[in-house]
Amino acid sequence: MKHAEPKRPPVKLAADDYEQLRQQVLRRDNWRCQNCGRQQNLEVHHKKMRSQGGNDSDVNLITLCHSCHANEHD
């Protein structure tokens with residue numbers, strides 16, 4: 001019988017480090033929602049949530065406007 005590894009809490013960057021990464025993602029995505037193209041009310045979204053094993057890497061982050069981000073979580 002296999003034993004399950006205990007679930008580890010997601011690793012979270014320090015606030016300053018995350019803000020730098022967030023700004024990097026916004027620049028990479030040309031300050032546009034990658035779903036609808038809007039340039040206002042931008043947020044950075046985790047494609048795979050930390051609670052599901054996702055991480056704070058640029059390949060796991062995408063720029064979305066508030067509306068598209070809300071739709072992702074519905």
Kindly check whether there is at least one residue in the range 43-54 that is modelled with pLDDT under 95, of a type in the set (S, T, N, Q) and out of contact with any strand residue (DSSP E or B) (no Cβ under 6 Å at 6 or more places or on another chain). yes
Any idea which residue in the range 12-34 is surrounded by the most Cβ atoms within 10 Å (Cβ to Cβ), counting only those that are within 13 Å of Leu61 (Cα to Cα) and among the charged types (D, E, K, R)? Arg22
Taking the range 56-74 and keeping residues within 13 Å of Asn35 (Cβ to Cβ) and buried (at least 18 other Cβ atoms within 10 Å of the Cβ) leaves Ile62, Thr63, Leu64, Cys65, Cys68, His69
Filter the range 29-49 down to the residues that are closer than 10 Å to His66 by Cβ and of a type outside the set (A, V, I, L, M) and list them by number. Cys33, Arg38, Gln40, Asn41, Glu43
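The values are calculated or read from the model by the stated rules, or taken from the named source; none is laboratory data. Bear in mind that the values here come from a model prediction, so they are computed numbers and not experimental data. Counting neighbours? That spans all protein chains shown, and the Cβs are built from the backbone with ideal geometry, glycine included.
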